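The structure appears right after this line, and notes come after that.
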Amino acid sequence: MAGSDHPSWGRVGVIAVVGFVIGVGWPRLVGAKLGPSVPVESAASARPEVAQPVLASSAAPPPAPAASTPPVSPPPPVASMPALTVNHGVLLSCRSEDGQTLKGVGACGGLAGFDAIAQPRLRKLSTCPAANASTNGKLSVVFSLDFTSHKVGADVGKSSTVSDPQGFATCVKGAFQGVSLGALDHQNPRYTIGYNVVFAPTAPAGTSTPSGPADGLPAAAVSPVTPAASAARTDEASVEVAWDVAIVRDSPRTGAVVARLPRGTKVHLGANQEGWYKIEYGSGSEGWVYRGAIGR
């Protein structure tokens with residue numbers, strides 16, 4: 001019996017064909033893969049790299065400007081103060097205890113010590129709001145001294161030539177408000193004394209030197225006492241002037257004024273009479289001073 005004619009072989013052939021179709025054709029029809037898939041990363045790495053174009057970098061930004069330092073403003077200019085000169089006081093008049101008005105040093109007997117009160121305050125007028133670098137001229141200041149109440153009155157005289165006398169008057173009155181006369185040597189209850197303050201814009205600032213007569217009195221030319229002269233006077237009392245200025249007269253109380261001695265001047269004492277001492281000073285000069293002026 002031939003093998004091809006056997007019914008079972010025919011069935012086997014049909015089954016084989018069907019199996020082949022199912023095993024091989026069907027997966028291809030539905031898109032199924034018959035082997036393991038290649039990993040994505042491997043596939044990607046297997047592809048040759050494509051050179052990426054290099055993009056031209058944009059120009060680097062310019063450096064930020066350094067923080068500018070704000071300009072330093074120059075300090076405001078310091079207002080220049082005018083130079084001024086303050087003279088010594090001139091005694092204009094006085095009023096006696098009986099109400100009589102007397103004129104000048106000869107009749108009033110002089111007044112020592114007020115310069116030390118007035119001059120320092122008058123020099124400060126360079127800082128008065130009425131003063132400036134161009135201030136020029138004379139300021140006349142008149143003082144009324146009342147020893148009964150120990151008060152000082154001050155005002156600006158009509159002979160002033162500065163541009164703003166009333167502005168200076170305000171400063172003068174303020175500077176002497178409440179000033180006391182203290183224990184100045186005096187013979188009359190009231191005095192009127194004048195001062196001149198001279199402003200000079202071209203002079204170096206800050207200069208102010210007294211000039212002119214001192215209360216209308218001559219200044220004493222005091223020579224230092226030599227050791228030999230001092231040794232020759234060991235039997236006499238030696239003291240120093242205690243007041244800012246001591247008036248020296250040629251006789252007690254009402255004598256003519258012969259000199260003015262500044263504080264600290266050494267004098268040698270002689271006789272005393274009614275509170276006045278005869279003194280010797282300088283190189284043999286003599287006169288009389290009130291006891292308070294030498295601390296007695």
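Amide H to amide H, with H built 1.01 Å from N, Gly113 comes under 5 Å of Val245, counting only residues 5 or more places away or on other chains. Distances between placed amide hydrogens fall under 5 Å for Ala154 paired with Ser144, all partners being 5 or more residues away or on another chain. For the range 227-294, compute Rg over Rh where Rg is the Cα radius of gyration and Rh is the Kirkwood radius from the inverse mean 1/r over Cα pairs. Rounded to two decimals, Rg over Rh is 0.94.
Rounded to the nearest whole Å³, what is the per residue volume of the convex hull around the Cα atoms of the range 93-149? Could the numbers behind the result be given before it?
On the way: hull volume 6.9 nm³, N = 57.
In the range 93-149, the Cα convex hull volume per residue is 121 Å³.
Return the loop-located chymotrypsin sites (Phe, Trp or Tyr not before Pro) in the range 140-199 (DSSP other than H, G, I, E, B) with at most 10 other Cβ atoms within 10 Å of their own Cβ; answer none if there are none. Let's see the in-between values first.
Working: sites: Phe143, Phe147, Phe168, Phe176, Tyr191, Tyr195, Phe199; in loops: Phe147, Phe176.
Answer in residue order: no site qualifies.
Can you pull out the trypsin sites (Lys or Arg not before Pro) in the range 136-175 whose DSSP state is coil and whose Cβ has at most 16 other Cβ atoms within 10 Å? Let's see the in-between values first.
Working: sites: Lys138, Lys151, Lys158, Lys173; in loops: Lys158.
Those that pass, being in a loop and sparsely packed, are Lys158.
Extension gain, Glu97-Lys138: 0.36 nm per intervening residue step, less the Cα-Cα distance, totals 11.4 nm. Judged by the mean number of other Cβ atoms found within 10 Å, the most tightly packed of the peptides 282-294, 94-106 leads the ranking 282-294, 94-106.
Stokes-Einstein D for the range 83-200 at 4 °C, 1.567 mPa s, Kirkwood Rh over Cα pairs, in µm²/s? Taking Rh from Cα pairs, D becomes 89 µm²/s.
Bear in mind that the values in this text are calculations on the coordinates, not laboratory data. Remember, it's a predicted structure, so these values are computed and weren't measured experimentally. Methodologically, a virtual Cβ is constructed for each residue, glycine included, from the backbone with ideal geometry; neighbour enumeration extends over all protein chains shown.
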